Amino acid sequence: MPSRRVVVTGIGAVSPNGIGREAFWCSTWQGRSGVRRIQSFDPSDFSVQIAGEIPEFDPLQYLSEKDVSNVSRVVPLAIAATREAIEDAGLDPAQMSLQEKRQIGVLLGSGGGGQEFVERQFSLYFSGHARQCSVYTIPSATIGTLASEVSMYFGFRGFSHVISTGCTSSTDALGYAAQNIRCGMARTVICGGGDAPISPLIMRAFGVMRILTPSWNHAPERGSRPFSADRDGFVLGEGAWMFVLEEYEQARARGAHIYGEISGYASNCEAFHRVRLGEDGEEPARAMTEAMEQAGIGPMQVDYVNLHGTSTVLNDRIETRALKLTLGRRAYQVPASALKSMIGHPQGACGAAGVAATLLAMRDRRLPPTLNLDVADPECDLDYIPHRFREGTIEHAICNCIAFGSKNSALVVSRVAD
């Protein structure tokens, strides 16, 4: 059976720097940060008081008050982004037959799923309010239920799965969704990522690891500083970025707008450490190289790289090294940028966020910047598009991700000729 092409026909976004696809993209190419002081709880006695939060998002626009109390915050985030994506793709579940709904799968990536919901339930239990705990504590705490919530909301009856591989979760979800379409197991997949990790205990736990920046509580928008010499940790974020993936001929037949093609994907495990990367950068480079090979391109065809760029000292240095191994001397000529400088690190959703920004950059021929890169680390010496966007045409781009547990995943997205 010949391999099928996989294209993106819808994008939805709920991001710290903008709710809705175009609001997110406008803030991104213009270099507007969504990092701010935490508002969902009082962070005054925390060493880190900032995050990429979305306080203006209203879950009651998507779920009843009762339902909101029975699910994690990530559920309405994912539903909101999915609704926008399917509307953008010209799909209307209300007009679909049962057979059509059976052909649509849902595949989400999430690192933490309902962790903040679980924290809420334990807080109620240990504060003497056990009777207020949700009757759905177990199913809503089960990470796989996130995809089911999206399936149930829209009535989609194809497979309904969650990929949870840490920070590479949504990159892997997109890769697996594309594989399903390529081999003929599916023709339409609702796919992307969502995470909502901003809660007191989760913030404390990251604080214990000393990987969040404690230095910018006075200036939140300056806190996320990928590749900067004075970076000292990442900023936690939340959000959801969702897509409609379709088989190319199907999308063409129904006249859908095509943002781009998922042309390559690869993933590996360095098997090195729970949280650290190996200094050589060989395995992240191998993931990017194998994704390029699947896409049928070489270093000279890469026009842009959307970097993982967490703003930690180790990650940024090694990712830079990995890109040099992947592209050789070409690495110094290819513009690259770190979206996390504007939205913080939304954990398992970060790969989907990067793909959304890359596809919109491809559409508008504007390469988004890396904020707060005032003085680059001498070991981070590539073209990170500092401060301001740049005009540029993208035919092929790499979207790179790295995760706890030594995981590395990369996608190649490509322009589809009009």
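The values are calculated or read from the model by the stated rules, or taken from the named source; none is laboratory data. Worth saying up front: this structure is predicted, and the values here are computed from it rather than measured. Ideal geometry is used to build each Cβ from the backbone, glycine not excepted, and the neighbour counts take in all protein chains shown.
Do we have Arg102 as on the phi < 0 side of the Ramachandran plot and loosely packed, with under 15 Cβ neighbours inside 10 Å here? Don't jump to the end; show me each part of the working.
On the way: on the phi < 0 side of the Ramachandran plot: yes; loosely packed, with under 15 Cβ neighbours inside 10 Å: yes.
When the stated conditions are applied, Arg102 passes them.
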Pro378, sole failed condition from (1) buried (at least 19 other Cβ atoms within 10 Å of the Cβ); (2) not in a strand (DSSP E or B):
(1)
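If you go through region 218-226 one residue at a time, do you hit one that is buried (at least 21 other Cβ atoms within 10 Å of the Cβ), part of a loop (DSSP other than H, G, I, E, B) and out of contact with any strand residue (DSSP E or B) (no Cβ under 8 Å at 6 or more places or on another chain)? Steps first, please.
Of all residues in region 218-226, those buried (at least 21 other Cβ atoms within 10 Å of the Cβ) come to 220, 223-226.
Still in the running and part of a loop (DSSP other than H, G, I, E, B): 223-226.
From the residues that got through so far, the ones that are out of contact with any strand residue (DSSP E or B) (no Cβ under 8 Å at 6 or more places or on another chain) too are 225.
Checking region 218-226: at least one residue is buried (at least 21 other Cβ atoms within 10 Å of the Cβ), part of a loop (DSSP other than H, G, I, E, B) and out of contact with any strand residue (DSSP E or B) (no Cβ under 8 Å at 6 or more places or on another chain).
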Within region 165-179, take every residue that is surrounded by fewer than 24 Cβ atoms within 10 Å (Cβ to Cβ) and more than 21 Å from Asn315 (Cα to Cα) and give me the one that is nearest to the chain's Cα centre (by Cα).
Tyr176
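Within region 1-105, considering only helices (runs of 4 or more DSSP H) that don't extend past its boundaries, which have at least 2 residues that are among the hydrophobic types (A, V, I, L, M, F, W, C) and within 30 Å of Glu119 (Cα to Cα)?
The qualifying helices (runs of 4 or more DSSP H) are 74-88.
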Thr142: passes all of (1) farther than 30 Å from Val189 by Cβ; (2) among the polar types (S, T, N, Q); (3) surrounded by fewer than 19 Cβ atoms within 10 Å (Cβ to Cβ) but (1)
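State yes or no: is Asn180 under 30 Å from Glu290 (Cβ atoms), of a type in the set (S, T, N, Q) and either modelled with pLDDT of 95 or more or not in a loop (DSSP other than H, G, I, E, B) (or both)?
Values: under 30 Å from Glu290 (Cβ atoms): yes; of a type in the set (S, T, N, Q): yes; either modelled with pLDDT of 95 or more or not in a loop (DSSP other than H, G, I, E, B) (or both): yes.
Yes: the conditions hold for Asn180.
Suppose we filter Arg252, Arg274 for residues that are surrounded by fewer than 19 Cβ atoms within 10 Å (Cβ to Cβ) and free of Cβ contacts under 8 Å to residues at least 24 places away in the same chain; which single one remains? Reasoning before the result, please.
On the way: Arg274 fails: free of Cβ contacts under 8 Å to residues at least 24 places away in the same chain.
Only one candidate passes the filter, namely Arg252.
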Cβ-Cβ below 7 Å, separation at least six or inter-chain, first residue in region 35-63 and of a type in the set (Lys, Arg), second outside any loop (DSSP other than H, G, I, E, B): which pairs?
Arg36/Ile50; Arg36/Pro220; Arg37/Ile50; Arg37/Pro220
Kindly check whether there is at least one residue in region 211-234 that is closer than 21 Å to Asn408 by Cα and of a type outside the set (A, V, I, L, M, F, W, C).
yes
Are there any helices (runs of 4 or more DSSP H) wholly within region 275-370 with 3 or more residues that are within 22 Å of Ile258 (Cβ to Cβ), hydrophobic (A, V, I, L, M, F, W, C) and in contact with a helix residue (DSSP H, G or I) (Cβ under 6 Å, 6 or more places away or on another chain), and if so which?
350-364
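For residues in region 1-48 being among the polar types (S, T, N, Q) and crowded, with 19+ Cβ neighbours inside 10 Å, which is farthest from Arg415 (Cα to Cα)?
Ser33
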Name, by its number, the condition in (1) crowded, with 20+ Cβ neighbours inside 10 Å; (2) more than 19 Å from Leu359 (Cα to Cα); (3) of a type outside the set (Val, Ile, Thr) that does not hold for Arg317.
(1)
